[in-house]
Amino acid sequence: MQSSQLGTVLVTGGAGFIGCALSQLLAGKAQRWVVLDSLHPQVHPSTERPAELHSAAELVVGDVTDAAAWDALLADVKPDVVVHLAAETGTAQSLHEATRHADVNVVGTTAMLDAFGRAGHTPSHFVLSSSRAVYGEGEWQRADGSTFLPGQRSHAQFERGEWDFAGAKPLPSAAARTWPAPTSVYGATKLAQEHILSAWTGSHDSALTILRFQNVYGPGQSLINPYTGIVSLFSQMAMRGESIPVYEDGRITRDFVFIDDIASSLVAVIEHPPVADGVPRFDVGSGVGTTILELAQSIARFHGAPEPKINGAYRDGDVRHAEVDISDSLDSLDWKPEWDVDRGVAALQEWIAARV
């Protein structure tokens, strides 16, 4: 693709884990690649420009909730494409810091759109990084074949050690058929982002593509953020020779998707926006569910660490099963995941070892 075809791209939160990986693939191809990022200390160890951010990217340090920062930015930048990555992402943290998550994720999104209104500019395409958290527990199926949305597991249920929903099994979620029912404040704010952007772009004749990411991991993720994800946290424990603690009965399931596969999915929709009525929503994951115990065992084996220990602990609001059906994404996008968990975990260990 020629630079003139890609035009000007604005990436909110673009100095973070996903934004830096994306910049390495596309920043050099754009007429302008502009990044707005607050360089929040929970994610960034310093206020210096991240080394992983492509040299062609113009970094503007600013908060997505700050109207003045937006006005100053849009006085100079008229983006053709906006990739909206900026978000607070701590699922457990959001239960105790709900205002912070709502401020960045919801108000930050509305502040961006209001700023475009003041600037009199409408980008042709928005791409939103949404989350598997919008599904909550997703659908479960009873023995008779009927399905239901079980809602949130209660604190009392956790205390009794009842990890699953009795007499039922979980089904993979899919944007085309699974009704979103978030069970965390974070998930609720990501769904709000979807609704807000859908309403605004629909009334401004701008395209919107929503990518619902699964659990992202890989080289480049923050090693100082306690909410960055269990793959990084488990890895650092195993490197120290510690036994990895595993919650519940070890059978919590997640779809762990490698950063390169996330970045390539964004490239696919930026370079070739899907043609669809309404707002296309795509699930982005490996398409394979992995239990937390399986993940911990894989990491422990890599380092020769002690066997992980199931401790029966739990987190209120945690989802039991998060697996996704990516068939629609494979059919509709010029994209497919290339990394399985074992290969991805090995690559992450090597990256962390060079930095710890």
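The values are calculated or read from the model by the stated rules, or taken from the named source; none is laboratory data. Note that the structure is a prediction, hence the values are computed from the model and not measured. Every residue, glycine among them, receives a Cβ derived from its backbone with ideal geometry; neighbour counts consider all protein chains shown.
What the table below lists for this structure:
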| item | result |
| --- | --- |
| In segment 331-356, the residues that are surrounded by 15 or more Cβ atoms within 10 Å (Cβ to Cβ) and either among the acidic types (D, E) or out of contact with any Ser or Thr (no Cβ under 8 Å at 6 or more places or on another chain) (or both) | S332, G344, A347, W351 |
| Residues (of a type outside the set (S, T, N, Q), assigned to a strand (DSSP E or B) and more than 23 Å from the chain's Cα centre (by Cα)) located in segment 141-174 | R142, F148, A168, K169 |
| Qualifying residues in segment 248-257 (those that are more than 17 Å from D342 (Cβ to Cβ) and surrounded by fewer than 20 Cβ atoms within 10 Å (Cβ to Cβ)) - the one farthest from the chain's Cα centre (by Cα) | D249 |
| Residues located in segment 298-321, provided they are hydrophobic (A, V, I, L, M, F, W, C), surrounded by 14 or more Cβ atoms within 10 Å (Cβ to Cβ) and out of contact with any Gly (no Cβ under 7 Å at 6 or more places or on another chain) | I299, A300, F302 |
| Output for segment 45-80, where each listed residue is buried (at least 16 other Cβ atoms within 10 Å of the Cβ), more than 19 Å from the chain's Cα centre (by Cα), within 27 Å of G120 (Cα to Cα) and not charged (D, E, K, R) | A57, L59, V60, G62, T65, A69, W70, L73, L74, V77, P79 |
| Filter result for V267 (at pLDDT 95 or above, under 20 Å from L85 (Cα atoms), surrounded by fewer than 22 Cβ atoms within 10 Å (Cβ to Cβ) and not small (G, A, S)) | yes |
| Which listed residue, of D249, D261, D277, D283, is acidic (D, E) and in a strand (DSSP E or B) | D283 |
| Lone qualifier among L95, L85 - being hydrophobic (A, V, I, L, M, F, W, C), surrounded by fewer than 19 Cβ atoms within 10 Å (Cβ to Cβ) and in contact with a Gly (Cβ under 6 Å, 6 or more places away or on another chain) | L95 |
| Long-range neighbours under 9 Å by Cβ, at least six apart or interchain, first residue touching a residue at least 12 places away in the same chain (Cβ under 8 Å) and of a type in the set (A, V, I, L, M) within segment 36-56, second in a loop (DSSP other than H, G, I, E, B) and exposed (fewer than 15 other Cβ atoms within 10 Å of the Cβ) | L39/S46; L39/T47; L39/E48; V43/I224 |
| Subset of segment 74-122 (residues that are touching a residue at least 12 places away in the same chain (Cβ under 8 Å), part of a helix (DSSP H, G or I) and polar (S, T, N, Q)) | Q93, S94, N105, T109, T110 |
| Output for segment 286-315, where each listed residue is among the hydrophobic types (A, V, I, L, M, F, W, C) and either part of a strand (DSSP E or B) or over 23 Å from the mean Cα position of the chain (by Cα) (or both) | A300, F302, A305, I310, A313 |
| Segment 175-200, residues that are part of a helix (DSSP H, G or I), surrounded by fewer than 22 Cβ atoms within 10 Å (Cβ to Cβ) and polar (S, T, N, Q) | S198 |
| Cross-chain or 6+ apart pairs with Cβ under 7 Å, segment 307-328 first and under 24 Å from L171 (Cα atoms), then assigned to a loop (DSSP other than H, G, I, E, B) and among the aliphatic types (A, V, I, L, M) | R315/A92; G317/A92; R320/I252; V324/A174; D325/A174; D328/A174; D328/A175; D328/A176 |
| Checklist (1) farther than 24 Å from D261 by Cβ; (2) touching an Asp or Glu at 6+ places or on another chain (Cβ under 6 Å); (3) hydrophobic (A, V, I, L, M, F, W, C) applied to A313, failing item | (2) |
| Residue match in segment 240-247 (condition: basic (K, R) and closer than 17 Å to E323 by Cβ) | no |
| Identity of the residue in segment 205-226, within 21 Å of S46 (Cβ to Cβ) and crowded, with 17+ Cβ neighbours inside 10 Å, that ends up modelled with the lowest pLDDT | N225 |
| Filter result for G14 (in contact with a helix residue (DSSP H, G or I) (Cβ under 8 Å, 6 or more places away or on another chain) and under 26 Å from H121 (Cβ atoms)) | yes |
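The rows are residues; the columns are (1) surrounded by fewer than 18 Cβ atoms within 10 Å (Cβ to Cβ); (2) at pLDDT 95 or above; (3) more than 15 Å from V267 (Cα to Cα).
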position: L10; (1), (2), (3): no, yes, no
position: S23; (1), (2), (3): no, yes, no
position: G28; (1), (2), (3): yes, yes, no
position: Q42; (1), (2), (3): yes, no, yes
